[in-house]
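**Q** First the structure, then my questions, so here it is.
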Amino acid sequence: MKALIKLLLNLFPRTVLQRFAEWMVPILGWFYIGKGKECPLCGCLRRKFLPYGYVSPRENALCPNCLALERHRLLWLWLLRESDIGRGAMALPRLLHIAPEVALMRKFRKMYASQPERYVTADLESPLADMHFDVQHIPLGDGEFDAVICNHILEHVEDDRLALRELHRILRPGGWGVILSPVELERETTFEDDTITDPKERTRIFGQYDHRRIYGRDYSKRLAEAGFEVYDIPYKEELSRKEQELYALPDEHLYVVQKIK
């Protein structure tokens, strides 16, 4: 199964995978019928989740029902339990969701069903998004949103600092966001090298051929440079061992930001 999923990820472009994953992945999930793991987004029960990854597929990564990955499950638990999205706020925040993940987008669409104009999705090219733009040049007004979710995008863009300034600009004062990227905590500083152009070599070094950098522990500092107050949250550690194992959560930190002014 690992070899098959790795082949599919590397063989087809992202836009194609997005169109066919919703019916293809559940078929693969039938090989994992049983109990042992549960997806907190959709409630799917399987003896384990599907492997996923471009280079070295990770065990217990992909929910075969809603397509949530480990980071999506961890983020959803935080949003539901700690943010004003899950606290039953009087009015849901006006939310911009960049590169919308299918599993999260489905949940948000239901949440915002009575006020759909307050939830906006955007992507460079995804057929699933409401708007299409480059995150380095966001065609939206200053302070237009209360919250933003932008996951695993900054490692792809040419000028991530410019993209962060744009995310800061479109948030209102007091607005918040979750901005996640692959971060290697054992690495002190972010590594970038645009002279490496061979796709196979970039995949070997950066984890994917279209990644431009590997973030280190200075990731929080980079977020702060854009003007954000940054909260580096090892949220998995706040959950019980039972939940950590049941939901197959990753050893990743959540990076929550707030625009102070």
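Bear in mind these aren't lab numbers, they're just calculated from the coordinates by the rules spelled out. Computed from a predicted model, the values in this text were never measured in an experiment. Cβ atoms come from the backbone with ideal geometry, glycine included; neighbour counts cover every protein chain shown.
**Q** For the residues Phe206, Phe228, what sequence is obtained by ranking on other C-beta atoms within 10 Å, fewest first?
**A** Lowest to highest Cβ neighbour count: Phe206, Phe228.
**Q** Hey, another quick one. Is it possible to state the helix-based mean residue ellipticity at 222 nm for the chain, with each DSSP H run of 4+ residues giving -39500 (n - 2.57), the sum divided by total residues, to the nearest 500 deg cm²/dmol? What is it?
**A** Computed mean residue ellipticity for the chain: -9000 deg cm²/dmol.
**Q** Related question: Can you give the charge dipole size of the chain about its Cα centre, rounded to the nearest 20 debye, using +1 on the beta carbon of Lys and Arg and -1 on the beta carbon of Asp and Glu?
**A** Numbers: 38 positive and 39 negative charges, 234 e Å.
Once rounded to the nearest 20, the dipole reads 1120 debye.
**Q** What is the chain's relative contact order, in percent, from Cα pairs under 8 angstrom and six or more apart in sequence?
**A** The normalised contact order for the chain reaches 16 percent.
**Q** Report the longest stretch of the chain that contains none of the GluC sites (Glu not before Pro) sitting in a DSSP loop with at most 14 other Cβ atoms within 10 Å. Could you put the intermediate results ahead of the total?
**A** Details: sites that count: Glu125, Glu158, Glu184, Glu186, Glu188.
That would be 1-124.
**Q** Classify the range 105-144: rounded, prolate or oblate, from the alpha-carbon gyration tensor (a ≥ b ≥ c, eigenvalue square roots; a/c under 1.5 rounded; otherwise prolate if a/b is larger than b/c)?
**A** Working: a/c = 3.22, a/b = 1.44, b/c = 2.24.
Oblate is the answer for the range 105-144, as a/c is 1.5 or above yet b/c matches or exceeds a/b.
**Q** Once you list every other residue whose beta carbon is under 10 Å from the beta carbon of Glu252, what net charge do they have if Lys and Arg are +1 and Asp and Glu are -1?
**A** In short, 0.
**Q** Could I ask something else about it? Which of Leu239, Val256, Leu185 sits farthest toward the positive end of the charge dipole of the chain, with +1 on the Cβ of Lys and Arg and -1 on the Cβ of Asp and Glu?
**A** It is Leu239, whose Cα lies furthest towards the positive end.
**Q** Then there's this: Taking 0.36 nm per residue of sequence separation and subtracting the Cα-Cα distance, how much length would be gained by fully extending the chain between Leu185 and Asp232, in nm to one decimal?
**A** Extending this stretch completely gives an extra 15.8 nm.
**Q** I'd like the Karplus ³J(HN,Hα) series for the range 184-198: coefficients 6.51, -1.76, 1.60, θ = phi - 60°, whole numbers in Hz, and an x wherever there's a Gly or Pro.
**A** 9, 5, 7, 9, 6, 10, 5, 10, 9, 7, 6, 6, 7, 10, 5
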